[in-house]
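Nothing in this text is a laboratory measurement; each read-out follows from the coordinates by a stated rule. Treat the numbers as computed from the prediction; the structure is a model and nothing was measured. Don't worry about glycine lacking a Cβ; one is built from the backbone with ideal geometry, like all the others, and counts go over all protein chains shown.
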Amino acid sequence: MKEFSVVIAGGGSTYTPGIVMMLLDNLDRFPIKQLTLYDNDADRQNVLGESLDILLKEQAPDITFHYTTDPEKAFTGADFCFAHIRVGKYDMREKDEKIPLKHGVVGQETCGPGGVAYGMRSIGPMVELIDLMEQYSPDCWMLNYSNPAAIIAEACRILRPNSKVLNICDMPVGTLRRMSQIIDKQPNDLEVRYFGLNHFGWWTSVKDKEGHEYLPQIRDYVAENGYLTQIEVDTQHMDQSWQDTHKKAKDLLAVDPRFLPNTYLKYYFYPDYEVEHSDADYTRANEVIDGREQEVFSTARTIIENETAAGSGFSIGSHATFIVDLARAIAFNTHERMLMIVENNGAIANFDDDAMVEVPCIIGSDGPETLSQGKIPEFERALMYQQVTVEKLAVEAYIEGSYQKFWQALTLSKTVPSAAVAKNVLDDLIEANQEYWPEFK
Ligand SMILES: NC(=O)c1ccc[n+]([C@@H]2O[C@H](COP(=O)([O-])OP(=O)(O)OC[C@H]3O[C@@H](n4cnc5c(N)ncnc54)[C@H](O)[C@@H]3O)[C@@H](O)[C@H]2O)c1
Ligand SMILES: O=P(O)(O)OC[C@H]1O[C@H](O[C@H]2[C@H](O)[C@@H](O)[C@@H](O)O[C@@H]2CO)[C@H](O)[C@@H](O)[C@@H]1O
Ligand SMILES: [Mn+2]
């Protein structure tokens, strides 16, 4: 079998060790000859790089491993770039969450004003990353799951339409795993139909390979419990805030019981509840800094201190197998069926062709082919149109440096109560993001 050269961009990410472990666990399906971590923060990446170097020498000595801040070294000869950068890191995530909350607005990393702010920081560096990849490895594919994926995907559509970039989210994968537990199946046994935008969508069917429809059974469970299952799904998502999110799906389902909702819809359907139940001094960023970041980096330091990974290793990021499935689909033309963020072009029959939507696709060596989801009801269509317009205005505002469009984007967000509030939030966000954003006039 062919062996691949993979670069992980955002090598210092808390997800990097879990993804490396997952790659090691899948070498029989996706053989790797070279693995490189690339980041623009050497100090952060060095800790993970040094510890993974020790681990890989012990567990996979045949893989050539590097970690670097030099793009030429990182990208030359790469077949795949797995991208999970966080522009501004947790410091800025904290601001994205806390500034809107201070104004009584949802504070979330990908939804509402916080998501747009994160998008404004990420468009430039993501485009730069794509250009570096193409400069040093013109045939390389980028599998991007850096957030905010909806805004990044729209920016790619406009600014780099011909680049080999696939945008994907793991939320539907994680929720499908929960659904499979509810009906005592394996995720691989199930095939779904789904329509929406990233972090904004609905399942319309969950069938097994024989065609039996499980949606009514799952719906009955979700109406009582949300997606909260009894089985531990993954460690960081046992945090209280995520438990609350999975439980809240019950109230999302109540709004339209025909379809199974994506949990992120809670920020749009119940923004007042979300603000009331948030602590503006301790948000999800703080929970992650005190939890996942602390755990991953202390494990890395222990490995470095002990000069061995034996007995103190990282755990497999099991949710991340979707990345291997996607890479395999491209590499081996497997025609895997996966939800991807792609240009609509008729997949949702009564929605704009040029909208970046999340729908099931068949993925082969040439990339994704969308599967038709037919017409969607007016309620969901209207919600999606409002949200996709926020995302489009945000990208236009970035390209044109337009304060007016930026203000319109926030005013249009369903999470924001008025243009006045939108302006106050925007002005505070501009102040906080001076180091990252272009000037908005
Ligand atoms: N799409 C999904 O479903 C999904 C799932 C999980 C995580 N994510 C995303 O993955 C990313 C990483 O999350 P995290 O919590 O581990 O963050 P993190 O802050 O731990 O890691 C991000 C890394 O990116 C680096 N970075 C920032 N700008 C860069 C640039 N221009 N070039 C190279 N490296 C750069 C940072 O230095 C940091 O080491 C985030 O964007 C997060 O939202 C997405
Ligand atoms: O708050 P965080 O940083 O812990 O997570 C934010 C990410 O949440 C989603 O991904 C989850 C997924 O929903 C869950 O089932 C499991 O697989 O873990 C994932 C990563 O934490 C979301 O899709 C991402 O876009 C967010 O970055
Ligand atoms: Mn996501």
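What is the diffusion coefficient of the range 263-325 in µm²/s, taking the Kirkwood radius over Cα pairs and the Stokes-Einstein relation at 25 °C with a viscosity of 0.890 mPa s?
164 µm²/s
What is the order of 159, 383, 129, fewest Cβ neighbours within 10 Å to most? The partial results should precede the final answer.
On the way: 159 16, 383 21, 129 24.
Arranged by neighbour count, lowest to highest, 159, 383, 129 become 159, 383, 129.
Express the relative contact order of the range 240-319 as a whole percentage, based on alpha carbon pairs under 8 Å and six or more residues apart in sequence. Display every interim value, and only then the final one.
Numbers: 28 pairs, mean separation 13.7, N = 80.
Relative contact order of the range 240-319: 17 percent.
Which whole-number percentage describes the relative contact order of the chain, with Cα contacts under 8 Å and a sequence gap of 6 or more?
18 percent
Mind giving me the FRET efficiency for residue 369 and residue 213? R0 is 22 Å, r the Cβ-Cβ distance, nearest 0.05 is fine.
Values: r = 24 Å, r/R0 = 1.09.
So, using R0 = 22 Å, E works out to roughly 0.35.
Among the aspartates and glutamates, which have Cα under 12 Å from the Cα of residue 98 when same-chain residues fewer than 8 positions away are ignored?
List returned: 109, 279, 281, 428.
With a sphere of radius 10 Å drawn around the Cβ of residue 402, what net charge do the other residues whose Cβ falls strictly inside it have (Lys, Arg +1; Asp, Glu -1)?
0
How high is the relative contact order of the range 13-155, given as a whole-number percent (alpha carbon pairs under 8 Å, six or more residues apart)?
23 percent
If you average 1/r over every pair of different alpha-carbon atoms in the chain and take one over that average, what Kirkwood value in Å do you get?
Details: mean 1/r = 0.0449 Å⁻¹.
In the chain this quantity evaluates to 22.3 Å.
Determine the alpha carbon to alpha carbon distance for each of 266/375; 164/405; 33/57; 266/423; 185/266; 164/266 and list only those over 21 Å.
Long pairs (Cα-Cα over 21 Å): 266/375; 164/405; 266/423; 185/266; 164/266.
Give, rounded to the nearest 20 debye, the magnitude of the charge dipole that the chain has about its Cα centre when Lys and Arg contribute +1 at Cβ and Asp and Glu contribute -1 at Cβ.
820 debye
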